[in-house]
1. Are any of the residues in the range 31-38 within 12 Å of the ligand (Cβ to nearest atom), over 15 Å from the mean Cα position of the chain (by Cα) and among the hydrophobic types (A, V, I, L, M, F, W, C)?
2. Any idea which residue in the range 11-30 is nearest to ALA115 (Cα to Cα), counting only those that are more than 16 Å from the ligand (Cβ to nearest atom) and touching a residue at least 40 places away in the same chain (Cβ under 8 Å)?
3. Given the criterion touching a strand residue (DSSP E or B) at 6+ places or on another chain (Cβ under 8 Å), closer than 30 Å to GLY247 by Cα and among the small types (Gly, Ala, Ser), identify the matching residue among ALA202, ALA172, ALA135.
4. Hey, any hits in the range 158-174 for a residue that's within 26 Å of LEU14 (Cβ to Cβ), of a type outside the set (Ser, Thr, Tyr) and away from the ligand (no atom under 15 Å from the Cβ)?
5. Can you tell me which residue is farthest from ASN25 (Cα to Cα) among those in the range 55-81 that are touching a residue at least 24 places away in the same chain (Cβ under 8 Å) and more than 6 Å from the ligand (Cβ to nearest atom)?
6. LYS195 passes all but one of (1) within 16 Å of the ligand (Cβ to nearest atom); (2) surrounded by 14 or more Cβ atoms within 10 Å (Cβ to Cβ); (3) of a type in the set (Lys, Arg); which number fails?
7. Evaluate the following for LEU53: is it in a strand (DSSP E or B) and crowded, with 21+ Cβ neighbours inside 10 Å?
8. Is it the case that the range 98-119 has a residue that's farther than 26 Å from GLN191 by Cβ and more than 13 Å from the ligand (Cβ to nearest atom)?
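What follows draws every value from the coordinates through simple rules; no lab data is involved. Owing to the predicted nature of the structure, the values given are computational and were not obtained by experimental measurement. Every residue, glycine among them, receives a Cβ derived from its backbone with ideal geometry; neighbour counts consider all protein chains shown.
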Amino acid sequence: DSETVISAFENGVLTLTLNRPDKLNSFNEEMHLALRSGFDRAHSDPTVRAVLLTGAGRGFCAGQDLGDRDPRKGNEAPDLGQTVDRLYNPLVRSIRNLEKPVVCAVNGVAAGAGANIALVCDIVLAARSARFIQAFSKIGLIPDSGGTWSLPRILGEPRAKALALLAEPLDAETAAQWGLIWKAVPDEDLQRESKELALRLAAGPTRGFGMTKRAIQAAATQSLDASLDLEKDLQREAGRSADYAEGVTAFLEKRKPEFRGQ
Ligand code: T3D
């Protein structure tokens, strides 16, 4: 059996490639656990300074593997609350809580949980031919993996509801125009551009990036006063980092900084 997630490490970038191309990289249990263990490594290994998530073949990820949910094969309805709780939610939390940048290169269709997992990453690039589909309503489900939280926040309720209820594909350029992703790039440029971006981030001030991510995410659920307080605390910590000292020194010496992620 081939690996369901291909993991590669180079110059601080951990690349995780979803690898069930015959099923458009839809999630089975094995792929869930492999992806989770990739992100676990990103959390615990200090040499990992950025993650690049992408898919093998013509799709990014088609969400849950519906072959594993065939109602004709069992008498009882599956407890989807349990699988969401045990598999999808920990993955979303792991990506959000990772204090390192996560770049997502959406190489093709991103449907269901596949779309919302892409959207929870920090910087999302998509091939122009890629499409985002809130496919859930087509099978009677609701958007999960944070979709009901992120879509209205980013797009407002009217667009969030239309995408969720109609399950129509949203093309990559419109997704970029709507602010749902960072940018759409020509198909042939996607892997190179996303790799360059991940390498650039991996050579950056990792601790500062992590705290930036934390502060921006915290803002979604707190007041301006709380954000100002958090900025004060995190800036204090950033100001004590070796990368800050290096950044200022490099500026004064008119050279490029050499950040070590410390
Ligand atoms: O269950 C729980 O634990 C709860 C959590 C749920 C999270 C979810 O993600 S629910 C939503 C599940 N996903 C979907 O409903 C999407 C289903 N797929 C599609 O609608 C379409 O495949 C796409 C729009 C994504 C792409 O369409 P297209 O025409 O480009 O490709 P295709 O021909 O439909 O698919 C290609 C192959 O991949 C095909 O296999 P075949 O016929 O060549 O052997 C197709 O069956 C397979 N495939 C695509 N998506 C899935 C899948 N197989 C299993 N599960 C899939 N989700």
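1. Within the range 31-38, one or more residues are within 12 Å of the ligand (Cβ to nearest atom), over 15 Å from the mean Cα position of the chain (by Cα) and among the hydrophobic types (A, V, I, L, M, F, W, C).
2. Looking at residues that are more than 16 Å from the ligand (Cβ to nearest atom) and touching a residue at least 40 places away in the same chain (Cβ under 8 Å), I get THR15.
3. Being touching a strand residue (DSSP E or B) at 6+ places or on another chain (Cβ under 8 Å), closer than 30 Å to GLY247 by Cα and among the small types (Gly, Ala, Ser) holds for just one of ALA202, ALA172, ALA135, which is ALA202.
4. Within the range 158-174, none of the residues are within 26 Å of LEU14 (Cβ to Cβ), of a type outside the set (Ser, Thr, Tyr) and away from the ligand (no atom under 15 Å from the Cβ).
5. Of the residues in the range 55-81, the ones touching a residue at least 24 places away in the same chain (Cβ under 8 Å) are 55-68, 80.
So of that shortlist, the ones also more than 6 Å from the ligand (Cβ to nearest atom) come out as 55-61, 68.
Working: GLY55: 7, ALA56: 7, GLY57: 8, ARG58: 9, GLY59: 7, PHE60: 6, CYS61: 5, ASP68: 14 Å.
Applying the filter and picking the extreme gives ASP68.
6. All conditions are met except number (1).
7. Details: in a strand (DSSP E or B): yes; crowded, with 21+ Cβ neighbours inside 10 Å: yes.
In short, yes.
8. Looking through the range 98-119, none of the residues is farther than 26 Å from GLN191 by Cβ and more than 13 Å from the ligand (Cβ to nearest atom).
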